[in-house]
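Beneath this line is the structure, given in structure tokens, with notes to follow.
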Amino acid sequence: MGNKLFISQIQRYSMHDGPGIRTTYFLKGCNLRCQWCHNPETQHRYREIQYMEKRCRGCGVCLNVCPEKAISIKNNRWQLDLEKCAVCGVCVENCYADALQMSGRYVDIRDTLDDACYDDLIFGWGGITLSGGEPMLQIEEVSEMLKMAKEKGIHTAVDTAGCVSWSNFEKIIPYTDLFLFDVKAVRNHIHKEYTGVANRLILENLKRLSRTGKTEIWIRMPLIHQVNDSDEDISAFTAYYRELGKIERIDLLTYHSYGLYKAQSLQMKAKVFQEPDAGRMQKIKEMIQSVNKNVVIS
């Protein structure tokens, strides 16, 4: 769409997506399918209707206004026939309880940057973060936005899983102050089983990026009990880490189940995992501090 980003939402006053108080854009579209996905509404590159069950008042207006008769209530459960639904948004517009929401809209880069500039003035030190999904799947639009942001003096960050061509990195490195680089698992069989893709390209991109010396990098590691939190997994990471260039920080992200509710709102299947306990997280932190002292548990 040229000068427009396709997003699920904009989160203002964000304090967990880079330094300071930031404006975070969640772009739609991802080429990984992490089984613990915290933002399932960003996986697909098309509009989707979300049903927030806890907000529903059971008024039935959505059933009556739907042009395609795609909505029904069976056994006291709201259902959307995805094959019938035209994603026209009429039901969303008529839901007074805001239980129905549209995930997926285009925003003009210039207009939304003006809003981000305003936020920057109000909140002080911060900037913008492009997250997702995988923001680099919209590389032309992302490159344009980052370039414009730098021209306005806004700090820029990109949250990526790194499963893209290196040429995509080359397009945005000059305009990106910080990469938040997700490392799901270093052992390839674990990565492939739980994300659906191999990790060779991802690890090679991180290695290459870290050796450019042209941008700051924070590694983000989601940790899921009995998936990627064993001593063997962490040892594999520290061995790989020794091949990297400069990394400023490592964030250990404890698994949480917030994504389950959002997956249910989209009628998507979701798997329940366990989080490592506090003792295990501390042990992992200590193991990783053997290669980088700046480790943060989030």
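The values are calculated or read from the model by the stated rules, or taken from the named source; none is laboratory data. All figures in this text were calculated on a predicted structure; none of them were measured in a lab. Glycine gets a Cβ as well: all are built from the backbone with ideal geometry, and neighbour counts include every protein chain shown. Side chains are part of the model used for accessible areas, which takes the heavy atoms of the whole protein and leaves out ligands, DNA and RNA. Shrake-Rupley method; radii C 1.70, N 1.55, O 1.52, S 1.80 Å.
Near E48: Cβ cut-off under 13 Å, other residues only, Lys/Arg at +1 and Asp/Glu at -1. The net charge is +4. The stretch between Y118 and E204 holds 27.2 nm of extra length on full extension. This uses 0.36 nm per residue minus the Cα-Cα distance.
When a 1.4 Å probe is rolled over the protein heavy atoms, the share of accessible surface on the chain that falls to carbon and sulfur comes to 48 percent.
Quick check for me: using +1 on Lys/Arg Cβ and -1 on Asp/Glu Cβ, what's the dipole size of the chain about its Cα centre, in debye to the nearest 20?
On the way: 39 positive and 37 negative charges, 97 e Å.
Value, rounded to 20: 460 debye.
Since only H189, I234, S265 are under comparison, the one whose Cα sits farthest along the positive direction of the charge dipole of the chain, derived from C-beta charges on Lys, Arg, Asp and Glu, is H189. Model label points for R12 and L63, set 7 angstrom from Cα along the Cα-to-Cβ axis, are 3.8 nm apart. Take the alpha carbon atoms of the stretch 237-261, find their center, do the same for the stretch 125-195, and report the distance between the two centers in whole angstrom. If you average the Cα positions of each part, the centres end up 15 Å apart.
Take the alpha carbon gyration tensor of the chain, find the square roots of its eigenvalues, order them as a ≥ b ≥ c, and report rounded if a/c is under 1.5; if not, report prolate when a/b exceeds b/c, else oblate. Walk me through the numbers on the way to the answer.
On the way: a/c = 2.04, a/b = 1.38, b/c = 1.48.
Taking the square roots of the gyration eigenvalues as a ≥ b ≥ c, the chain is oblate.
Relative protection proxy for 192-198, 155-161, 45-51, from highest mean packing down: 155-161, 45-51, 192-198 (other beta-carbon atoms within 10 angstrom).
As a ratio to 2.2 N^0.38 Å, the alpha-carbon radius of gyration computed for the stretch 161-218 takes the value 1.14.
With the Cα gyration tensor of the stretch 102-154 giving a ≥ b ≥ c as the square roots of its eigenvalues, does the rule (a/c under 1.5 for rounded; else a/b larger than b/c for prolate; else oblate) give rounded, prolate or oblate? Each step should come with its number before you reach the end.
Details: a/c = 1.82, a/b = 1.48, b/c = 1.23.
Prolate, because a/c is 1.5 or more and a/b exceeds b/c.
Spin-label model, R77/A239: points 7 Å from Cα along the beta carbon direction are separated by 4.5 nm. Hull volume per residue, based on the alpha-carbon atoms of the stretch 162-298 and their convex hull, is 121 Å³. Just checking the listed ones, I122, I250, I284: in the Gaussian network model of the chain with Cα springs under 10 Å, the one fluctuating most is I122.
Going by average Cβ neighbours within 10 Å, how do the peptides 72-79, 21-28, 238-245, 261-268 rank, with the highest at the top? All intermediate terms of the calculation are to be shown ahead of the outcome.
Working: 72-79: 10.4, 21-28: 24.0, 238-245: 14.0, 261-268: 17.6.
Per-residue mean Cβ counts within 10 Å order the peptides as 21-28, 261-268, 238-245, 72-79.
The residues of the stretch 1-101 expose, per residue, 54 Å² of accessible area to a 1.4 Å probe. Going by a ≥ b ≥ c, the root eigenvalues of the Cα gyration tensor, does the stretch 203-259 fall in the rounded group (a/c under 1.5), the prolate group (a/b larger than b/c) or the oblate group? In terms of gyration-tensor shape, oblate.
By how many nm would the segment from A97 to M148 lengthen if fully extended, with 0.36 nm per residue of separation less the alpha-carbon distance? Please report the intermediate quantities before stating the final value.
On the way: separation 51, 0.36 × 51 = 18.36 nm, distance 3.73 nm.
Full extension of this stretch gives 14.6 nm more.
Under the simplified labelling scheme, the R47-R211 pair shows an inter-label distance of 4.6 nm, with each label point 7 Å from Cα along Cα→Cβ. Maximal additional length on extending the N3-W166 stretch stands at 56.4 nm, based on 0.36 nm per residue less the C-alpha distance.
Need one number: convex hull volume per residue for the stretch 74-194, Cα atoms only, in Å³.
Working: hull volume 24.6 nm³, N = 121.
In the stretch 74-194, the Cα hull volume divided by residue count equals 203 Å³.
Distances between placed amide hydrogens fall under 5 Å for N31 paired with E134, all partners being 5 or more residues away or on another chain.
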